[in-house]
Amino acid sequence: MSEGSGVIRYGILSAVMDYYQNVPSGIETAHTRHFQGRGDESMPMQRLGRALSNACDSEAKATYSRFAIWGADINTIAHEAIDAVSVDNKKVAMQKLSLILKNMRAFIDCFSLLDSQPGYMQFETAADILTEIKQRMEDTKENKAPQYEDIYMRICDALKNEDFIETGEQL
């Protein structure tokens, strides 16, 4: 760390990533440091939401720990999927994998939205990301389903709000 900056050196993070990519115990030994409270299937998405809320607040101090807790949830769900596969319980394994995919896709799109803001890499625009989600909902006719209409309308409203798209204001 550079003195007083409070930022960890990438070399340390890189070593940790190399461990998980290359050393067998990186996958064989489960995490035990983080709270992995048992809850309903919505808990990981709720925790991701709290972490993203902190990511949008420059004064928030718990952002990284919230993402770590969310990641621990995803890790636990992945282990549950592996356990289900090992006992040939395809239904449970598929449910767990689906839950992981939902969370990862939300993470990817939300971080892409954060990255689309002025001053960041801006590989995609907010309009690109939201248009893709809108199109997916239309292609699958989910935009017409009563339980999803509000979500669809919020996506459409965000796309109509040119100030949001150009200035990077938060929804």
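The values are calculated or read from the model by the stated rules, or taken from the named source; none is laboratory data. Computed from a predicted model, the values in this text were never measured in an experiment. Cβ placement follows ideal geometry from the backbone for every residue including glycine, while neighbour counts extend to all protein chains displayed. When the accessible area is computed, the model is the full protein with side chains, heavy atoms only, and any ligands, DNA or RNA have been set aside. Shrake-Rupley method; radii C 1.70, N 1.55, O 1.52, S 1.80 Å.
On the stretch given as region 111-126, residues that are open to solvent by 70 Å² or more (accessible area, probe 1.4 Å), among the hydroxyl-bearing types (Ser, Thr, Tyr) and more than 14 Å from Ala55 (Cβ to Cβ) total 0.
Per the conditions (1) touching a Lys or Arg at 6+ places or on another chain (Cβ under 7 Å); (2) without any contact (Cβ under 8 Å) to a residue 24 or more places away in the chain; (3) of a type in the set (Val, Ile, Thr), the sole criterion not satisfied by Ile151 is (1). Taking each residue of region 45-62 that is farther than 13 Å from Leu114 by Cα and looking for partners that are of a type in the set (Phe, Trp, Tyr) and in a helix (DSSP H, G or I) with beta-carbon atoms closer than 6 Å, six or more apart or interchain, yields Arg47/Trp70; Leu48/Trp70. With the structure loaded, tell me whether Ile133 is in the same structural domain as Pro44 (by the TED database), on the phi < 0 side of the Ramachandran plot and of a type outside the set (D, E, K, R) or whether it fails that test. Judged against the criteria, Ile133 is not a match. Of all residues in region 127-147, those satisfying the criterion of being open to solvent by less than 80 Å² (accessible area, probe 1.4 Å) and within 18 Å of the chain's Cα centre (by Cα) are Ile129, Leu130, Ile133. On the stretch given as region 56-75, residues that are farther than 17 Å from Ser98 by Cα, among the small types (Gly, Ala, Ser) and either touching a Phe, Trp or Tyr at 6+ places or on another chain (Cβ under 8 Å) or open to solvent by 50 Å² or more (accessible area, probe 1.4 Å) (or both) total 2. Set side by side, the residues Val16, Val23 differ, and just one is farther than 18 Å from Gly71 by Cα and either at pLDDT below 70 or of a type in the set (A, V, I, L, M, F, W, C) (or both), which is Val23. Listed by first and then second residue, the pairs linking a residue in region 120-147 that is closer than 12 Å to Leu159 by Cα to a residue that is of a type outside the set (Phe, Trp, Tyr) and part of a loop (DSSP other than H, G, I, E, B), with Cβ atoms under 6 Å apart and 6 or more places separating them unless they lie on different chains, are Thr125/Ser116; Ala126/Ser116.
Residues that are buried (at least 18 other Cβ atoms within 10 Å of the Cβ) and under 8 Å from the mean Cα position of the chain (by Cα) within region 96-110 comprise Asn103, Phe107, listed in sequence order. Each residue in region 80-92 was checked for being under 26 Å from Ala51 (Cβ atoms) and surrounded by 15 or more Cβ atoms within 10 Å (Cβ to Cβ), and 2 of them qualify. In region 103-125, the count of residues that are among the aromatic types (Phe, Trp, Tyr) and closer than 23 Å to Asp40 by Cα is one or more.
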